[in-house]
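Peer 1: Submitted below is the structure of interest, expressed as structure tokens.
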Amino acid sequence: MRAVVLKEFGRMALEEVATPEPGDGEARLRVRMTGVCGSDLHGFTGANGRRVPGQVMGHELVGVVEALGAGADLPLGALVTLNPVVGCGGCAPCRAGTEPYCPDKRVIGVDPTRTAGFAEYVVAPAANVVALPAGMPVAHGALVEPLAVGYHAARRGGVTAEDRVLVLGGGPIGQAVALAARRLSAARVVVSEPHAGRRDLCRALGVEVLDPVAGPVGPRVAARLDGPASVAIDAVGTSGTVADAFASTALGARIVLVGMAAPRLELDAFGVSTGERSLTGAFSYTSAEFVETARWAGTEPDAVAALVEREIPADRAPAQFAELAEGLAVAGKVLVRFS
Ligand SMILES: [Zn+2]
Ligand SMILES: [Zn+2]
């Protein structure tokens, strides 16, 4: 099969590799499309230290069930997506359905020993294969994973219908967070994003936007939301965006950090202590949130369609990765097509 292999940091190649065989309890999917995640780009450059040369990346995929190992029971030919978080299955967090807290979890597309999405075929535990709603456009299946990241982040922030929500960053994760805040019936949502194309995309999703470069963020958030935010979700993760979160939120607000732009942050300690704001992390999602998100995505085809920037053929992927890593600004998700 053909796979897009990370040859060295900064260089990928489409190569012929062995087609994987499903083992016990596993399924082989024929990949239709796989989305390019920001973490893949940071893996491509080596910046995040979470990918290694020689591996195949890709954890946002949609495919078709093509073959089954012993004991796996899935409908052959079904259009599916994959929850890439593979828990050990035996520990207390796994049994409680909180796989992100499994100390031995592996992530497809991150773990170099596993097959992954930027290839014609991927093998994964059948339990991680998630059915898609009937009639869902193929591309939308690849958006379920980032949408689940956004949904989990919004839930970590405890977003309810009473909340005024600020989202820092309007890239694919910020877009997913904004949609999740709407999905949780948040009263008002505003996205702070410097890139005009991304602001346009977020506006098309039905949320307010502002340009953080145009002036202080705090007062403009208050103007847009009719008061300071009660929840801020940072989908960027720099000291600057965290400072904007503190400057824009009410006393007692919840701040969620899901963006991973910087490994260390400076933050307003008194904004936490005297301001009694809570700072919460968010990274992936539970298996239940992933399945719920797949179902929800089927009910919002227009919003999900708006998240897709472009589809490219697999042989364009190495060059597109290099262009994106060099700063090519895109508003939405780039999908790599394999079949
Ligand atoms: Zn991702
Ligand atoms: Zn476990």
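The values are calculated or read from the model by the stated rules, or taken from the named source; none is laboratory data. Since this is a predicted model, take the numbers as computed values, not measurements. Neighbour counts run over all protein chains shown; Cβ positions are idealised from the backbone, glycine included. What goes into the accessible areas is simple: the full protein's heavy atoms, side chains included, and nothing from ligands, DNA or RNA. Shrake-Rupley method; radii C 1.70, N 1.55, O 1.52, S 1.80 Å.
Peer 1: Got the relative contact order for the stretch 1-110 handy, in percent, Cα pairs under 8 Å and 6 or more residues apart?
Peer 2: Values: 213 pairs, mean separation 27.4, N = 110.
Taking the mean separation of contacting Cα pairs over the length of the stretch 1-110, I get 25 percent.
Peer 1: If packing is taken as the average number of other Cβ atoms within 10 Å across a peptide's residues, how do 239-245, 23-29, 170-176, 88-94 rank, most packed first? Spell out each step's value before the answer.
Peer 2: On the way: 239-245: 21.3, 23-29: 19.4, 170-176: 27.9, 88-94: 13.9.
Answer by packing, highest mean first, reads 170-176, 239-245, 23-29, 88-94.
Peer 1: As I understand it, the value is the acute angle between the Cα axis of helix 172-183 and the longest principal axis of the Cα atoms of the chain; what does it come to in degrees, rounded to 10?
Peer 2: In the chain, helix 172-183 runs at an angle near 70 degrees to the longest axis.
Peer 1: Within the accessible area of the chain, what % is carbon and sulfur when the probe is 1.4 Å and the other protein chains stay in place? Spell out each step's value before the answer.
Peer 2: Details: 7200 of 13510 Å².
That fraction is 53 percent.
Peer 1: Could I ask something else about it? Taking the convex hull of the alpha carbon atoms in the chain, what volume per residue do you get, in Å³?
Peer 2: On the way: hull volume 42.0 nm³, N = 339.
Taking the convex hull of the Cα positions in the chain, it is 124 Å³ per residue.
Peer 1: Quick one: check the C-alpha center-to-center distance for the stretch 171-190 versus the stretch 152-169, whole angstrom.
Peer 2: The stretch 171-190 and the stretch 152-169 have Cα centres separated by 7 Å.
Peer 1: Can you tell me the accessible area per residue over the stretch 147-281, all protein chains present, probe 1.4 angstrom, in square angstrom? Could you put the intermediate results ahead of the total?
Peer 2: Details: 5440 Å² over 135 residues.
Ligands and nucleic acids excluded, the result is 40 Å² per residue.
Peer 1: May I pose another question? For the chain, what does the helix formula give at 222 nm: sum of -39500 (n - 2.57) over DSSP H segments with n ≥ 4, over the residue count, nearest 500 deg cm²/dmol? Could you put the intermediate results ahead of the total?
Peer 2: On the way: 12 runs with 100 residues, N = 339.
-8000 deg cm²/dmol, from helical runs alone.
Peer 1: Would you mind counting up the charge near Ser239? Only other residues with Cβ under 12 Å from its Cβ, with Lys and Arg at +1 and Asp and Glu at -1. Mind showing how you got there, number by number?
Peer 2: Numbers: positive: Arg264; negative: Asp234, Asp244, Glu266, Asp268.
Spelling it out: positives minus negatives among the neighbours equals -3.
Peer 1: What's the center-to-center distance, using Cα atoms, between the stretch 64-110 and the stretch 205-283 in Å?
Peer 2: 33
Peer 1: How high is the relative contact order of the chain? Use alpha-carbon pairs under 8 Å, at least six apart in sequence, and give a whole percent.
Peer 2: 19
Peer 1: Right, something else. Mind giving me the FRET efficiency for Leu251 and Asp200? R0 is 41 Å, r the Cβ-Cβ distance, nearest 0.05 is fine. Spell out each step's value before the answer.
Peer 2: On the way: r = 33 Å, r/R0 = 0.81.
That pair, Leu251 with Asp200, gives E of 0.80.
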